[in-house]
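These notes are about the structure you will find just below.
The values are calculated or read from the model by the stated rules, or taken from the named source; none is laboratory data. Predicted model, so just to flag it, every value in this text is computed and none were measured. Cβ coordinates were reconstructed from backbone atoms using ideal geometry, including for glycine residues, and neighbour counts include every protein chain displayed.
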């Protein structure tokens with residue numbers, strides 16, 4: 001399967017702490033994307049990183065990509081209770097494919 | 001407001017009764033997709049479309065049909081729903097970057113979801 005796999009499956013932290021989620025995949029990719037989903041709602045795009053990029057930032061989010069290890073990480077700094085959600089990586093391995101992982105459930109406690 | 005809309009948001013039906021879930025986007029996106037989300041399985045692509053009258057199967061197309069007669073609309077049709085199609089369904093759209101190879105999926109804009117129960 002080309003599916004991205006997130007790790008850990010669940011993460012519980014306190015407000016103010018950093019949260020790190022990882023995504024591993026199996027084939028070469030064109031891009032890798034991270035999404036957030038609040039309980040049963042639509043997914044919201046966070047960051048897209050292309051295969052020739054190593055790091056991208058957006059506000060409190062930092063995404064890294066290591067194509068040699070076929071892995072990516074999403075770091076949320078100074079977490080807030082509002083960051084509580086499920087986070088998914090999605091890999092675009094090429095033509096007409098976008099494959100989602102099963103997600104990491106993040107709980108940020110006040 | 002740029003958005004993807006889906007209707008209905010909730011639907012309970014019975015086995016074999018044909019239904020259609022509508023999807024519409026107002027961003028003039030070329031690409032549209034349907035996904036289903038099931039616990040422990042993440043999102044799986046059902047069908048996608050790269051432009052009007054161009055559709056193709058995703059990973060789990062059995063039991064579903066789609067059409068793309070207009071750029072903004074991409075309805076999902078279940079001709080004879082079965083209980084294993086009980087799921088949370090999402091429509092999504094995305095743009096094609098100028099000069100990019102056809103079929104490369106960029107940022108997906110998701111609809112709010114349709115929760116379908118087939119009894």
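Brief remarks follow.
- Counted residues, segment A:52-73 - those being exposed (fewer than 14 other Cβ atoms within 10 Å of the Cβ) and either within 14 Å of chain B (Cβ to nearest Cβ) or assigned to a strand (DSSP E or B) (or both): 5
- Any hit, segment B:77-93, residues being part of a helix (DSSP H, G or I) and in contact with a strand residue (DSSP E or B) (Cβ under 6 Å, 6 or more places away or on another chain): yes
- Count - residues of segment B:34-44 that are facing another protein chain (nearest Cβ under 7 Å) and either modelled with pLDDT of 95 or more or surrounded by 23 or more Cβ atoms within 10 Å (Cβ to Cβ) (or both): 1
- Residue ID - nearest to the other protein chains (Cβ to nearest Cβ), chosen from residues in segment A:28-45 that are in contact (Cβ under 8 Å) with a residue 40 or more places away in the chain and in a strand (DSSP E or B): A:43
- Qualifying residue in segment B:33-53 (condition: within 14 Å of the chain's Cα centre (by Cα), in a strand (DSSP E or B) and farther than 28 Å from residue A:93 by Cα): no
- Residue in segment B:63-84 that is at pLDDT 95 or above, within 23 Å of residue A:37 (Cβ to Cβ) and either surrounded by fewer than 16 Cβ atoms within 10 Å (Cβ to Cβ) or at the interface with chain A (Cβ under 8 Å from one of its Cβ atoms) (or both) present: yes
- Taken together, the criteria place residue B:4 among residues that are within 12 Å of another protein chain (Cβ to nearest Cβ) and touching a strand residue (DSSP E or B) at 6+ places or on another chain (Cβ under 7 Å).
- Residue that is modelled with the lowest pLDDT [pool: residues in segment A:75-110 that are outside any strand (DSSP E or B) and under 21 Å from residue B:43 (Cβ atoms)]: A:96
- Pick from segment B:85-108, criterion at the interface with chain A (Cβ under 8 Å from one of its Cβ atoms) and modelled with pLDDT under 95, ranking: nearest to residue A:42 (Cα to Cα): B:108
- Residue A:86 touching a strand residue (DSSP E or B) at 6+ places or on another chain (Cβ under 6 Å) and on the phi < 0 side of the Ramachandran plot: yes
- Residues in segment B:7-25 that are over 14 Å from residue B:114 (Cα atoms) and either within 14 Å of chain A (Cβ to nearest Cβ) or under 15 Å from the mean Cα position of the chain (by Cα) (or both): B:25 alone.
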